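Data block below; observations after.
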Amino acid sequence: MKTRTERIGIIGAMEEEVMALRQALTELQEHGTPFSDLPIFTGKLNGEAVVIARCGIGKVNAALATQYLLDHFFLTAVINSGVAGGLSPEVKIGQIVIGHSAMQHDFDVNNFGYPQGTIPRLETSIFKGDSRLVNLATTAAQSQVGPSNVHQGLVVSGDQFVSSLDQKQRILESFPAATCVEMEGAAIAHVAWLNQVPHVIVRAISDQADNTAPDDFDAYLLEIIPTLNGVISKLVSLLKD
């Protein structure tokens, strides 16, 4: 049964992406789940009721966690927070991307005549972020890193860590407008869309999704997470107003 408190859902894939946000909660409470590795915590962040989940890496884990939260909590919004690889040449390490839309770049039914990323027999394959959330997230990010370091754009997701120029170019050939690539956002957006709950994807750029990506990811991950957490915390405050 759903708990009665309206909450903002915050979902991150990795412990590094959610740990500090969880530690900042007041009235912290952990919630058990029937799954072996889906930790969920409720509490208040800047006075606003939230639920934070570490979903695990990949689209299936992300979708499962999102639906579980929606089934068990009254969510007014879903925020996906995490890191990503930059695809657009304008997007640099340490900058923030706000997803105005999301697609699955590895969804491939080309042999049936569908463009890459198209999900057959579904109303849409492009999952748009809620316009109010996108605008508030942009404001929150600009307050942390300045307007020139914040981008709105298409986020593409797939079950692969993009770490070569060949991979990057193949994605850009099919999704030339894509700003960044990661492994969960479009799945979270898809589930939120199906449930008619507003969502937004907020990503900090950890690498350039090229041959240097593994080293850059390791080098910059912990450096950029505090900035990302600052954006999420500010966004939650703006949603409260």
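Brief remarks follow.
- Test: residue in region 108-119 that is outside any loop (DSSP other than H, G, I, E, B) and not polar (S, T, N, Q): yes
- Test: Q95 is closer than 28 Å to Q169 by Cα, crowded, with 20+ Cβ neighbours inside 10 Å and over 12 Å from the mean Cα position of the chain (by Cα): yes
One line per residue, one yes/no per condition, for (1) free of Cβ contacts under 8 Å to residues at least 60 places away in the same chain; (2) crowded, with 21+ Cβ neighbours inside 10 Å:
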{"position": "V18", "(1), (2)": "no, yes"}
{"position": "G32", "(1), (2)": "yes, no"}
{"position": "I52", "(1), (2)": "yes, yes"}
{"position": "V60", "(1), (2)": "no, no"}
{"position": "Y68", "(1), (2)": "yes, no"}
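- Test: residue in region 41-49 that is modelled with pLDDT of 95 or more, under 26 Å from F127 (Cα atoms) and surrounded by 22 or more Cβ atoms within 10 Å (Cβ to Cβ): no
- Residues that are under 27 Å from A63 (Cβ atoms) and touching a strand residue (DSSP E or B) at 6+ places or on another chain (Cβ under 7 Å), drawn from region 209-224: A209, A213, F217, L221, I224
- Of the strands (runs of 3 or more DSSP E) entirely within region 1-104, those holding at least 2 residues that are in contact with a strand residue (DSSP E or B) (Cβ under 7 Å, 6 or more places away or on another chain) and closer than 25 Å to P147 by Cα occupy 6-12, 74-86, 96-104.
- Residue match in region 221-241 (condition: among the hydroxyl-bearing types (S, T, Y) and surrounded by 22 or more Cβ atoms within 10 Å (Cβ to Cβ)): no
- Among the candidates A140, A189, A209, residue that is closer than 18 Å to K92 by Cα and touching a residue at least 40 places away in the same chain (Cβ under 8 Å): A209
The values are calculated or read from the model by the stated rules, or taken from the named source; none is laboratory data. Nothing here was measured: the structure is a model prediction, and the numbers come from that model. We place every Cβ from the backbone using ideal geometry, glycine too, and count neighbours over all the protein chains shown.
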